[in-house]
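What follows is a set of notes on a single structure, which appears directly below.
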């Protein structure tokens, strides 16, 4: 298969009418010998790429993002004592999502968000979503610590902010990453929550700007939520199933490298591939090939 002019694609291993028991793959990267080919077996056909998880979700426009600071929370109601507040946010200058937890023990008192193991975190980048363990009675306010400026305030009866649920009928991600695009020209972070093939909760984040689609690097089995807290309230986000990217590849081929045999079992009949150099996607040259051999 020629890779010229392409950065990713999908091969239907049953296109000849029969699914092979095994396949072996070889990379022949004569034009870009420094590149690598990432491979992943999936049940997702090429026609599923582009399927929407969330369409035109409106941003929440959190303000005064911490940008390398701690984050605090407080409530103005004693009835919120015992309320557990969870935030999802990036680490400054990265797209890595961390989870922070704080429990309100008294009214009108600030509590720092800590990682689930209790570790303090003072380098939050952007908060992209907030959830509460139950509906709040008073106003729950999140602030960046050093300046005391409000990031978001949740009114009475709220259970969270910036979290968009994905319908169960549309949550399959097939171990592939997401792709997202937003309106507007400013740059904001979008978060994603989902599960891997073992059912473990995993996260990803992408930095979006200028109506330009951006693919994530984490392969999800299912998507449960999209986090739009950092996206401006005047802007809309669409999140869909992406083609394979290097971060989500299950195996890697080097120039003239062999891989296999892969055991094939229905419904994992589709071989997704992507081409990259280092940690950046690249496009195949005129002499680049991915060679596949099937065994029946």
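The values are calculated or read from the model by the stated rules, or taken from the named source; none is laboratory data. Remember, predicted model here, so these are calculated numbers, not experimental data. Quick reminder, even Gly has a Cβ in these numbers, built from the backbone with ideal geometry, and neighbours come from all protein chains shown.
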Identity of the residue in segment 278-296, surrounded by 14 or more Cβ atoms within 10 Å (Cβ to Cβ) and either more than 17 Å from residue 2 (Cβ to Cβ) or free of Cβ contacts under 8 Å to residues at least 12 places away in the same chain (or both), that ends up farthest from the chain's Cα centre (by Cα): 294
Out of all the residues in segment 123-142, is one or more within 13 Å of residue 71 (Cα to Cα), surrounded by 13 or more Cβ atoms within 10 Å (Cβ to Cβ), without any contact (Cβ under 8 Å) to a residue 60 or more places away in the chain and out of contact with any helix residue (DSSP H, G or I) (no Cβ under 8 Å at 6 or more places or on another chain)? yes
Taking segment 104-122, which residues are free of Cβ contacts under 8 Å to residues at least 40 places away in the same chain, closer than 20 Å to residue 76 by Cβ and in a loop (DSSP other than H, G, I, E, B)? 104, 105, 106, 107, 108, 109, 110
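Considering each of 79, 75 in turn, give the residue that is in contact (Cβ under 8 Å) with a residue 60 or more places away in the chain, more than 14 Å from residue 162 (Cβ to Cβ) and in the same structural domain as residue 152 (by TED's automatic domain parsing).
On the way: 79 fails: in contact (Cβ under 8 Å) with a residue 60 or more places away in the chain.
The unique qualifying residue is 75.
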Run residue 232 past the list (1) touching a strand residue (DSSP E or B) at 6+ places or on another chain (Cβ under 6 Å); (2) in contact (Cβ under 8 Å) with a residue 40 or more places away in the chain and report the number of the one that doesn't hold. (1)
Given the options 154, 149, 115, name the one that is loosely packed, with under 15 Cβ neighbours inside 10 Å, within 26 Å of the chain's Cα centre (by Cα) and outside the structural domain of residue 185 (by TED's automatic domain parsing). 115
Flag for residue 283 being touching a strand residue (DSSP E or B) at 6+ places or on another chain (Cβ under 6 Å) and modelled with pLDDT of 95 or more: no
So residue 265 passes all but one of these: (1) more than 19 Å from residue 46 (Cβ to Cβ); (2) in a loop (DSSP other than H, G, I, E, B); (3) touching a residue at least 12 places away in the same chain (Cβ under 8 Å). Which condition number does it fail? (3)
